[in-house]
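To start, the structure under review is shown below, and the notes come after it.
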Amino acid sequence: MRFAIGIVAAAILVSGCGEASADDVPSAGEAASATQAAASPEAAEPEPLRGPDLSGLFDADENHVLAPMTMDARMLLDYSFKRSEDGTALVSTGPRPVPTTESTVTSRIIPPEGADGLWKVRLDFEGQWEGLQVLGLGTDTWPEAFTPRPNLTMMYFAQPVPVVAAKLAELGIEVNPDGSPKVLNRTPADLHPAGVGNRFDWHGQVSMVREVEGKTAYVFWQGFFDDGTY
């Protein structure tokens, strides 16, 4: 009896499978298109932007080389740390309000991790600006009151480098649309009043958009450079 039931069941399954039409089976082209769409970043829904509107903190029309950082943004970063009394370290100044928002942020200080001697200051906060997800500010610098080496100022975003670079260039920020280094000005080092022409090739400013510590960063370098430094 069980054997007979099994034969009947198998016959039903075979009959059901035979009813499928060619319209129910995706073609090779359709399958490839579906796979490509699933793998394409453009096909995925963008994540909703988080945090407050930061249009009062950043302004593409800011009349300063560090645009889009307004004076409030620059002061937030500059006063979030101080130099130790002996000039050998950087120290956080504690919680500070993020201008135009109800948020506060405390700087993270990262001591040098390589031979370059750079100390890193990071302000981690979230907000929205011009359709971009902002992730904070940062600077790489040295504890000495004066050093001829370049200083780096950074603004962090969640979107990938091509998206951020193209958007900043569209807004009129001094960056290349592909994020590659752009020399904004360049003066031979021996013409600089600091008198370090024998140690560096030139003095100037360079902007770029690149990945830094797993985030996309708009990077502004200023100071003395050797050819190929950046």
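The values are calculated or read from the model by the stated rules, or taken from the named source; none is laboratory data. Because the structure is predicted, anything quoted here is derived from the model rather than measured. All Cβ positions, glycine included, derive from the backbone under ideal geometry; neighbour counts span all protein chains shown. Surface accessibility is based on the protein's heavy atoms, side chains included, excluding ligands, DNA and RNA. Shrake-Rupley method; radii C 1.70, N 1.55, O 1.52, S 1.80 Å.
Using 1/(1 + (r/R0)^6) with R0 = 41 angstrom and r between the beta carbons of E102 and N198, what's the FRET efficiency to the nearest 0.05?
On the way: r = 51 Å, r/R0 = 1.26.
That gives a FRET efficiency of 0.20.
From a point 7 Å beyond the Cα of K82 in the direction of its Cβ, which residues of region 89-130 have a backbone N at a distance under 11 Å?
91-94
As an exercise, take the mean of 1/r over every pair of distinct alpha carbons in region 178-230, invert it, and state the Kirkwood radius in angstroms. Spell out each step's value before the answer.
Working: mean 1/r = 0.0844 Å⁻¹.
The Cα-based Kirkwood calculation yields 11.9 Å.
In whole percent, how big is the carbon plus sulfur part of the accessible area of region 70-153, probe 1.4 Å, protein atoms only? Mind dumping the intermediate values first?
Details: 2130 of 4120 Å².
After summing per-atom areas, the C and S share lands at 52 percent.
So which lysines pass the test for K182, namely a Cα distance under 24 Å, with those fewer than 8 places away in the same chain ruled out?
K120, K167, K215
Place the peptides 157-163, 181-187, 138-144, 192-198 in order of packing, highest mean first, counting for every residue the other Cβ atoms within 10 Å and averaging per peptide. Before the final figure, lay out each step's value.
Values: 157-163: 17.1, 181-187: 13.4, 138-144: 19.3, 192-198: 11.4.
Ranking, from highest mean packing down: 138-144, 157-163, 181-187, 192-198.
Specify whether the C-alpha gyration tensor of region 146-219 places it in the rounded, prolate or oblate class, a ≥ b ≥ c being the square roots of the eigenvalues: rounded for a/c under 1.5, otherwise prolate if a/b is larger than b/c and oblate if not.
Details: a/c = 3.44, a/b = 2.13, b/c = 1.61.
Here region 146-219 falls in the prolate category.
Rounded, prolate or oblate, given the Cα gyration tensor of region 106-185, with a/c below 1.5 counting as rounded? List each step's numbers first, then the result.
Working: a/c = 2.52, a/b = 1.46, b/c = 1.73.
It is oblate, given that a/c is not under 1.5 and a/b is not larger than b/c.
Just to verify a number: FRET efficiency for M71 and E213, C-beta to C-beta distance, R0 = 25 Å, to 0.05? Walk me through the numbers on the way to the answer.
Numbers: r = 26 Å, r/R0 = 1.05.
Using R0 = 25 Å, I get an efficiency of 0.45.
Highest mean first, what order results for 118-129, 58-69 on Cβ atoms within 10 Å?
Most protected by this proxy first, the peptides run 118-129, 58-69.
Taking a 1.4 Å probe, which of K167, K82 shows the most accessible area, and what order do the others take after it? Before the final figure, lay out each step's value.
Working: K167 50, K82 115 Å².
Descending accessible area places them as K82, K167.
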